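For reference, the structure is listed below as structure tokens.
The values are calculated or read from the model by the stated rules, or taken from the named source; none is laboratory data. None of the values given here were measured: they were computed from a predicted structure. Cβ placement follows ideal geometry from the backbone for every residue including glycine, while neighbour counts extend to all protein chains displayed. Surface areas here come from the heavy atoms of the whole protein model, side chains and all, with no ligands, DNA or RNA. Shrake-Rupley method; radii C 1.70, N 1.55, O 1.52, S 1.80 Å.
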Amino acid sequence: MQRRQFLKRSAMAGAVVAFSGARVWAKDADARIEVLLDEPLGEISPNIYGQFTEHIGGVIYDGVWVGEGSKIPNDHGIRSQLVAMMKQIHVPVIRWPGGCFADSYDWKDGIGEPSNRPRRTNFWEVDRDAARLHEKGLQIFESNAFGTNEFIRFCRLTEAQPYFAANVRSLPALDFDHWVEYCNSPAGSTTLAEVRANAGFPEPFNVRYWGVGNESWGCGGNFTPEQYASEFRRYTDWIPRYGVDLQLIGSGPNGNDIDWTHRFFEQIYSGHTYNNPSFTGWSVHHYASNLSRGRTTDWIARKGDALQFDSVDWYELLRECNRIEQIIQDQWAVMGQYDTHHRVKLVVDEYGPWYREGTELDPTHIFGQQITVRDALATALTLDAFNRNPEKVGMATCAQLINNLNALFLAHEEHFIATPNFHVFAMYAAHQAGQALRAEFSAPDVQYTRDDKPARFWGLNGSASRKGQTVILTIVNPDVSKTIETQVALRGGTVTRASGTVLASSDMHAHNTFDQPNAVMPATLPVALSGGLINVSIPPASVARLDVSLG
Ligand code: AHR
């Protein structure tokens, strides 16, 4: 019945013709997208729009934390402009304090009177990127001015949930218990609750999300999967609860390392089964760091440049980021062999492009890099992959929020800007808690030449979600030069209104700077309704969002 009505409406409109019997499309469209309203995929967890902040380079010091006495507007030392912009995009969760830093961090150093806190050597002191620092400042010798209390304040100001990464490499399991006790034990109940109260926080923080180590296959202990499984059991058994529904996140693979996941899950689920209902997350890290087109795996030589690239490099970066979809499928399949009811979801708590050094805004910004419109597309296609897999991906945090790899913000002293990535998160925020819908994208592949051989990349892709009578459709056009004339059909409903927004630039290297903070900004994308279809011209190298109202 619905289909008959659709055909009748379409037949009355001159611009549309019947296509392959059952469908109606314009003759001259390059691409079509069908959103299937009757095929929900599950609710998109708001937590996949999370952020990551580590004590590295300019993330905490110069980024988040400017200090209480600073002339830079701040709230208890936390950069006010950052807080205001994070609220605009509804950041649901923030991961802290690392990263690799987490497995060398003693949480006790970061509580109590700030002037009494010890100075320590930061984990990243050994990194070769840090060697260029003339002044061995906060990036090398950690002041602990920003600790648990300050992080919780940051979360409260931004209305985000805290997600802690606990130290498994260099602190005993009892320290993990005590950190939970410091954060969550009721007012007046324990000595640590009193220490917390003395710092001005009598009420518990009720922290739910706890990562059990970080990259335990590497900087987090260099464990084998079996060793890590054994540590995981030890660290997570009988943690104090205080009525908080703890969510424990295991340290998962490097990229798509199937072996790590197989062997860890086998140890946890076979033989002497570990049956802790709080184990609900499996962390995955995926960095697009190898842009050498298969020529090398060397950590330095394989990286590309954040600003100097050609169109082949452009597609290469998108291709590397696009691997996330396969990683999600593969890891999920392995986990399902053991965790047959899929209690454990994927937590992609580090992702983004990773370029060679040289475009950081300040020498202190270890792993700082510029963010172009290319990175905006990479971020958008990653978020779309999460949206398309709502039953698998429970949480994700972008690495990292500010002055780092895939930053949403760049700041130095009083200067502060939003990068194109911020605008992607702003455009995609409407997907949070929406019902993901199956959407079929049909567009010719982009074809280009890669090292004298023909290469392809998909022509259009994206994701759709619904809240009530509103459908949000986000679309990435990766083609560096071609506008894609696109028709969109919403199967199973009637479109009454549609509007569009687009993030694009005619220069694929475009990025925002302190001098030109608005070089890359979202703009209105014209759309036209015809015969129940939405017609839209999607510009080259762009991220688009359509807001569609249903009758
Ligand atoms: O995000 C930078 C680093 O990358 C993190 O500390 C680590 O977990 C990863 O290797």
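Sort 306-314, 179-187, 374-382 by the packing proxy (mean of other Cβ within 10 Å over each peptide's residues), most packed first. Before the final figure, lay out each step's value.
Values: 306-314: 16.8, 179-187: 20.4, 374-382: 27.4.
So the peptides 306-314, 179-187, 374-382, ranked by packing, come out 374-382, 179-187, 306-314.
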Problem - Estimated distance in nm for a label pair at D28 and T494, the labels positioned 7 Å out from Cα along Cα-to-Cβ - result: 2.9 nm
Practice task
Let me have the relative contact order for the range 329-486, percent, based on Cα pairs under 8 Å that are six or more residues apart.
Solution key: 19 percent
Fill in the blank from the handout: Carbon and sulfur atoms account, in whole percent of the 1.4 Å probe accessible area of the range 106-165, for 49 percent
Exercise for the section: In whole angstrom, note down how far apart the Cα centers of the range 274-324 and the range 98-172 are. Expected result: 26 Å
Practice task
Quantify, in whole percent, the carbon and sulfur part of the accessible surface of the range 183-326 (1.4 Å probe; protein heavy atoms only).
Solution key: 47 percent
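Can you tell me the mean projection area, over all orientations, of the convex hull of the range 402-443's alpha carbons? Units nm², please. If you can, show how the numbers build up before the last one.
On the way: hull surface 19.1 nm².
Seen from a random direction, the Cα hull of the range 402-443 projects 4.8 nm² on average.
What does the charge add up to near N389, with Lys and Arg as +1, Asp and Glu as -1, over the other residues with Cβ less than 13 Å from its Cβ? Walk me through the numbers on the way to the answer.
Numbers: positive: K345, R388, K392, R438; negative: E43, E325, D330, D384, E391.
That works out to -1.
Enter the mean projected area of the convex hull around the alpha-carbon atoms of the range 198-252, in nm², rounded to one decimal.
Details: hull surface 19.6 nm².
Seen from a random direction, the Cα hull of the range 198-252 projects 4.9 nm² on average.
Please give me the summed charge of the neighbours of L36: other residues whose Cβ is under 9 Å from its Cβ, Lys and Arg +1, Asp and Glu -1.
Working: positive: R438, R491; negative: E34, D38, E39, E440.
Net local charge, L36 excluded: -2.
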Handout entry: Surface per residue (accessible, 1.4 Å probe) for the range 307-422, Å²
Key = 25 Å²
Exercise for the section: Would you mind putting 350-362, 197-209, 417-429 in packing order, based on average other-beta-carbon counts within 10 Å, highest first? Expected result: 417-429, 350-362, 197-209
Practice task
Largest first and in whole Å, give the semi-axes of the range 418-463's equivalent ellipsoid, each being the square root of 5 times a Cα gyration tensor eigenvalue.
Solution key: 29, 18, 6
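Relative contact order, percent, of the range 305-394 when contacts are C-alpha pairs under 8 Å separated by at least 6 residues? Numbers along the way, then the final one.
Values: 71 pairs, mean separation 38.9, N = 90.
This gives 43 percent for the range 305-394.
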Handout entry: Acute angle (nearest 10 degrees) that the helix 2-12 long axis makes with the longest principal axis of the chain, alpha-carbon atoms
Key = 50 degrees
Handout entry: Helix 173-184 vs. the chain, principal-axis angle (Cα, 0 to 90°, nearest 10)
Key = 70 degrees
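For the range 258-377, compute Rh as the Kirkwood radius over C-alpha pairs and then the Stokes-Einstein diffusion coefficient at 37 °C and 0.692 mPa s; write the answer in µm²/s, rounded to an integer.
After rounding, the answer is 199 µm²/s.
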Handout entry: Cα gyration tensor, the range 124-268 - rounded (a/c under 1.5), prolate or oblate
Key = oblate
Handout entry: Over the range 342-409, equivalent-ellipsoid semi-axes from the Cα gyration tensor in Å
Key = 27, 13, 7
Handout entry: DSSP-defined beta bridges in the chain - what % are antiparallel, rounded to 5
Key = 60 percent
Problem - Per residue accessible area of the range 432-533, 1.4 Å probe, in Å² - result: 45 Å²
Completion exercise
Over the Cα atoms of the range 93-206 the radius of gyration and the largest Cα-Cα distance (Dmax), both in Å, equal 14.7, 48
Handout entry: Nearest-ten-degree value, helix 258-269 long axis tilted from longest Cα axis of the chain
Key = 60 degrees
Exercise for the section: Please report, in whole Å, how far the alpha carbons of the range 505-551 spread along each principal axis, starting with the longest. Expected result: 45, 19, 11
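Between S115 and R156, what is 0.36 nm times their sequence separation minus the Cα-Cα distance? Round to one decimal in nm. Working shown, then result.
Details: separation 41, 0.36 × 41 = 14.76 nm, distance 2.31 nm.
Contour length minus Cα-Cα distance gives 12.4 nm.
Given C-alpha coordinates of the range 364-483, what is the ratio Rg to Rh with the Kirkwood estimate of Rh?
Details: Rg = 16.4 Å, Rh = 16.1 Å.
Result: Rg/Rh = 1.02.
Can you give the calculated 222 nm mean residue ellipticity of the chain, where each DSSP H run of n ≥ 4 adds -39,500 (n - 2.57) and the sum is split over every residue, rounded to the nearest 500 deg cm²/dmol?
Values: 11 runs with 127 residues, N = 551.
Computed ellipticity for the chain at 222 nm equals -7000 deg cm²/dmol.
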Practice task
Taking every pair of Cα atoms in the chain, average 1/r, invert it to obtain the Kirkwood radius, and report Rg/Rh to two decimals.
Solution key: 0.98
